[in-house]
1. When the residues of the range 105-120 are filtered to those that are exposed (fewer than 10 other Cβ atoms within 10 Å of the Cβ) and of a type in the set (S, T, N, Q), which remaining residue is modelled with the highest pLDDT?
2. List the pairs whose first member sits in the range 98-124 and is farther than 19 Å from Tyr83 by Cα and part of a loop (DSSP other than H, G, I, E, B), whose second member is open to solvent by 30 Å² or more (accessible area, probe 1.4 Å) and of a type in the set (Lys, Arg), and whose Cβ atoms are under 8 Å apart, counting only residues at least 6 apart or on separate chains?
3. I'd like the full set of residues that are at positive phi and in contact with a Phe, Trp or Tyr (Cβ under 8 Å, 6 or more places away or on another chain), limited to the range 48-80.
4. For the range 43-63, give me the residue count where each residue is under 19 Å from Lys90 (Cβ atoms) and not in a helix (DSSP H, G or I).
5. Any idea how many residues of the range 69-97 are open to solvent by less than 70 Å² (accessible area, probe 1.4 Å), under 24 Å from Leu35 (Cβ atoms) and assigned to a helix (DSSP H, G or I)?
6. Please go through the range 40-57 and give me each residue that is free of Cβ contacts under 8 Å to residues at least 40 places away in the same chain and open to solvent by less than 30 Å² (accessible area, probe 1.4 Å), ordered by number.
7. Would you mind finding the one in Leu10, Leu35 that is over 22 Å from Lys90 (Cβ atoms) and modelled with pLDDT under 50?
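The values are calculated or read from the model by the stated rules, or taken from the named source; none is laboratory data. Since we're looking at a predicted model, the values are computed, not measured. Counting neighbours? That spans all protein chains shown, and the Cβs are built from the backbone with ideal geometry, glycine included. Note: accessible area is taken over every heavy atom of the protein model, side chains too, but ligands, DNA and RNA are not part of it. Shrake-Rupley method; radii C 1.70, N 1.55, O 1.52, S 1.80 Å.
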Amino acid sequence: MKKVFLFFALVFISACSDQIENKEDCISRIEFIWLAESNRDKNRVIVIFMNAFVTEYTEIYGHSTPPPSSSVQDNSEFIYLQYTDFCEDKYRITKHLTDKIVATYPNLPELLVSNQKFKPSINTIDVDGPYWKHNQEGKD
């Protein structure tokens, strides 16, 4: 009986481990291709973009699903997004919403969405706390 219980316990644990994402599985990056914009103009554009991104995300996924946390890096060249939900769809969601925003705001610079994996750090993004649902001891 103990062997049967141990077997099912191990199967359950291994099945659950596939559902727990590492933070790097949940980070997406958007690159802004700036021409000669001032820092003030870059900041204005990033605020417009992020407000539109959060608005579009909330319209699609509702208020009960938090939008990804964001971090601006490298002189406003990159925005990193760390999703708490839908990690497996981070690229598709980011690309879809970015394309929708670019269509709505044609004066934005060229935006590139990366499909790479990014390690959480001070150079990218590393969100902790209550909004990071997948943050479990030893998994980040």
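1. As a first pass, look at the range 105-120 and keep what is exposed (fewer than 10 other Cβ atoms within 10 Å of the Cβ): 106-107, 116.
Keeping just the survivors that are of a type in the set (S, T, N, Q) gives 107, 116.
Details: Asn107: 90, Gln116: 94.
By that ranking, first place goes to Gln116.
2. none
3. Just the residues of the range 48-80 that are at positive phi, to begin with: 62, 74-76.
Correct list: Ser76 only.
4. Filtering the range 43-63 for residues under 19 Å from Lys90 (Cβ atoms) gives 49-50, 52-62.
If we keep only those that are not in a helix (DSSP H, G or I) as well, we get 62.
Residues in the range 43-63 being under 19 Å from Lys90 (Cβ atoms) and not in a helix (DSSP H, G or I): 1 in total.
5. Result for the range 69-97: 2.
6. To start, the set of residues in the range 40-57 that are free of Cβ contacts under 8 Å to residues at least 40 places away in the same chain comprises 40-44, 46-47, 50-51, 54-55.
Lys42, Ile46, Met50 - these are the residues of the range 40-57 that are free of Cβ contacts under 8 Å to residues at least 40 places away in the same chain and open to solvent by less than 30 Å² (accessible area, probe 1.4 Å).
7. Numbers: Leu35 fails: modelled with pLDDT under 50.
Testing whether each residue is over 22 Å from Lys90 (Cβ atoms) and modelled with pLDDT under 50 leaves just Leu10.
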